[in-house]
Amino acid sequence: MEINNEIIEKHGLKKDEFSSIKKLLKRDPNLLELGIFSAMWNEHCSYKSSRKHLKTLPTKGDQVIQGPGENAGVIDIGDNDAIIFKIESHNHPSFIEPYQGAATGVGGILRDVFTMGARPIALLNSIHFGSPEHYKTKSLLNGVVAGIGGYGNCIGIPTVAGETKFNKTYNENILVNAMAVGHAQKDKIFYSKAKGLNKSVVYVGSKTGRDGIHGASMASAEFDENSEEKKPTVQVGDPFTEKLLMEACLELMKDDSIISIQDMGAAGLTSSSVEMASKGELGIELDLDKVPCREENMTPYEMMLSESQERMLIILEDGKEERAKKIFDKWDLDFVIIGKTTSTKKLILKYNNRIECEIPISALSTKAPVYDRKWVKKKLPKNKVDFKSLTKVKIEDALIKILSSPNHSNKNWITNQFDQMVMCDTAQKSGADAAIIRIHGKNKAIAVSVDSSANYCKSYPIRGGKQIVCENWRNLISVGAKPLAITNCLNFGNPENQEIMGEFAECLIGIKESCEFLNYPVVSGNVSFYNGTNNKNIFPTPVIGGVGLILDLKNKLSHQFKKNNSTIILIGKTFGHLEQSAFYEEIYSLTEGEPPEINLNNEKNNGTCVLELVKNKLVNSIHDVSSGGLIVALAEMAIGSEYGIKIYKPKKLSNLYQYFFGEDQSRYILEIDKKNLEKTEKILKDNNVFYEIIGLTQKDFFEVDGELKIDTKKLYNLNNKWYNNY
């Protein structure tokens, strides 16, 4: 077939990129080779628009065993225990086919974790939908939630934490980010770097079908009015087969059979073979006649670009093939030697005794294009909101409206569809600042959380990027965990747009600044560009997934009040920042202004001091102050507990709206026994931490002097109202 401009465009390649391909090959590519270049050079696989910026992120630390560049990141939690984790997007497939898109997103991220030798112990998700009133939102929400629950529940991995948010910016491009966390022994971690010559390249798992062809390329382009026609590019998952594949791989990993192992994820057999060979600076030769296919007359093009699920590629040590095959036969999975490693440093594909493809590995990997795209800086918004001109509402009415809104309502309708307790190591499930997972058979645990803040990032990306790392840091501290490292899923619009590229670049500047200051390195992640439809891009939505360590499970905490007549302390200064707040958006439909400033010195000092209080067993409960401000955080602590509050009127900030709804950063609410108050205050003063004693816990009522008094049961019902009626 002659390669013309229409075919090149359909493969998502630019004319100058096609010219580069011809120079690298010193000839014209055939259709199979063009498809392989298309898969490896798209944004989803090559990171060609983001790589320059990603290199600036801090990725090292004493706790880091493996940073970005592998299937997932690896951190050390002591005692020869390692945690392996990553987050990835499955946005485009989930918008087209919500159940399978979300389900295969979960399946893919699980394979990234267990391919490195870890048994998955937790799943998390960050899902963003359009306006609740939009005609697509309800069906997309139902499909995505069912897909996440269906896959995770069937494979037997608990889904323990996440976030669900609504904004009209996602009306035509939802976000579905899935995170997986696994536990491994530090001395039994497996990597994807190929080693040795003439080693067996083995295909294991499910058979290859025609589902998911061009899936990675589809994820590297904007949607348009014909997006529904892309359903064939959405993969179809089978969690029961994935369970078998996971157990077979983990069983094989018990000895020294495996040289390297790679999930067949985006771009399928193409990316897995190229990545293994590239990292090992070797060649790889595959006989496509041997690829197990579930459909008749599949072409080499279809085999190499299929994104059928539940498949892996393994390079084995000599003489280990027979034992390995017995394991996969036992689990009723395909095990076929389809090729070998070579010294050619080329990808060579044979079919019907003919060479159908011969491409230098470097042309697909290290020589893939890297763009330094132009971008523009975002100016700090100057349009200040004149609060005095706004119609005043009662504080009680404002609180009720926020707690009853889609973004602040109780999400039990969603989380109840997920099995959170399977494996029996979930020590604290969703609904808290972070979930807690016990390390099996031990008294220590990890805490995990995911966070995003698109409105802050849209308003002023540098500050938004800083804030979302700090928010994630606070969530881990709020359950008594020492934050160790993060993974990120960077969801943005079209990088060819200078403003969008500016949002990306500046968000990463902010993320870098916070991560460096807090010693909170980035060990894995994913970039998802082209999130938009018909040139209408989503708000910049970086999602941060964090992991922290709790050395003694007895020290774990939650955000719900524990005792009557406890002292309530607010850590951190309150300045009353209302711009970009939930208060302005929910009460006045205002989204103008700048996000709150971040003082990283205060952030680190406040958080470190809170952990010291936890270590000294002085705290009953903790909650960080974030969206909705102080009064919403207090309400969240009261809802679901047996206790309410009695809060004193503030003495220093006369504007009660600013005091109660301001979203100033670096703040925590602590519940302290009166007998521990003196010790607590001494530690806070010794560490130069600003704090206020703001009230007491009490039975039955949520009360602010002279402003409101609500029965806590009513508060609970109001918080559950929206989801129950949606």
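Which one of these is within 26 Å of the chain's Cα centre (by Cα), among the polar types (S, T, N, Q) and closer than 28 Å to T697 by Cα: N555, N599, N606, N535?
None of the others qualify; the one that does is N606.
Could you please find all residues in region 350-359 being closer than 21 Å to E275 by Cα and either of a type in the set (G, A, S) or out of contact with any helix residue (DSSP H, G or I) (no Cβ under 7 Å at 6 or more places or on another chain) (or both)?
Across region 350-359, the qualifying residues are I355, E358.
Could you name every one of the helices (runs of 4 or more DSSP H) located completely within region 314-405 that has at least 2 residues being small (G, A, S) and open to solvent by less than 80 Å² (accessible area, probe 1.4 Å)?
Answer list for region 314-405: 361-364.
For a quick check of your reading: which strands (runs of 3 or more DSSP E) sit entirely within region 416-516 and have at least 3 residues that are open to solvent by less than 10 Å² (accessible area, probe 1.4 Å) and hydrophobic (A, V, I, L, M, F, W, C)?
The qualifying strands (runs of 3 or more DSSP E) are 435-438, 445-451, 482-491.
Please find, within region 234-262, the residue that is nearest to M423 (Cα to Cα) out of those that are of a type in the set (D, E) and modelled with pLDDT under 95.
Ranking the qualifying residues of region 234-262, first place goes to D238.
One residue is enough: does region 654-664 have a residue meeting the conditions charged (D, E, K, R) and closer than 11 Å to L613 by Cβ?
No - not one qualifying residue is present in region 654-664.
Would it be correct to say that L551 is touching a residue at least 12 places away in the same chain (Cβ under 8 Å), open to solvent by less than 70 Å² (accessible area, probe 1.4 Å) and not polar (S, T, N, Q)?
no
Let me confirm something: among G108, G73, G67, which residue is open to solvent by less than 10 Å² (accessible area, probe 1.4 Å), within 18 Å of the chain's Cα centre (by Cα) and not hydrophobic (A, V, I, L, M, F, W, C)?
G73
Counting only residues that are in contact with a helix residue (DSSP H, G or I) (Cβ under 6 Å, 6 or more places away or on another chain) and open to solvent by 10 Å² or more (accessible area, probe 1.4 Å), which one in region 266-290 is modelled with the lowest pLDDT?
Filtering region 266-290 for residues that are in contact with a helix residue (DSSP H, G or I) (Cβ under 6 Å, 6 or more places away or on another chain) and open to solvent by 10 Å² or more (accessible area, probe 1.4 Å), the one modelled with the lowest pLDDT comes out as A266.
Are there any pairs, at least 6 apart or on different chains, whose C-beta atoms fall under 6 Å, with the first in region 394-420 and more than 22 Å from S589 (Cα to Cα) and the second β-branched (V, I, T) and outside any helix (DSSP H, G or I), and if so, which?
What qualifies is K411/T164; I414/T164; F418/T159; Q420/V160; Q420/T426.
Only residues that are in a strand (DSSP E or B), within 12 Å of F418 (Cβ to Cβ) and open to solvent by 40 Å² or more (accessible area, probe 1.4 Å): list them for region 154-190, please.
Within region 154-190, G162 is the sole residue that qualifies.
Determine, yes or no, whether I87 is closer than 17 Å to P68 by Cα, at pLDDT 95 or above, part of a strand (DSSP E or B) and within 15 Å of the chain's Cα centre (by Cα).
Answer is yes for this residue.
Would a scan of region 378-391 turn up a residue that is of a type in the set (A, V, I, L, M) and at pLDDT 95 or above?
No, region 378-391 contains no residue that is of a type in the set (A, V, I, L, M) and at pLDDT 95 or above.
Would you check if E296 is among the charged types (D, E, K, R), farther than 28 Å from S49 by Cα and modelled with pLDDT under 95?
Yes; evaluated as a whole, the condition is true for this residue.
Could you pull out the residue among S49, S38, S20 that is part of a helix (DSSP H, G or I) and open to solvent by less than 10 Å² (accessible area, probe 1.4 Å)?
It is S38.
How many of the residues making up region 52-84 are of a type in the set (A, V, I, L, M, F, W, C) and assigned to a loop (DSSP other than H, G, I, E, B)?
Qualifying residue count, region 52-84: 3.
The values are calculated or read from the model by the stated rules, or taken from the named source; none is laboratory data. What you see is a predicted model; the values in this text were computed from it and never measured. Every residue, glycine as well, gets a Cβ built from its backbone with ideal geometry; the counts of neighbours run over all protein chains shown. For accessibility, only protein heavy atoms count, side chains too; no ligands or nucleic acids. Shrake-Rupley method; radii C 1.70, N 1.55, O 1.52, S 1.80 Å.
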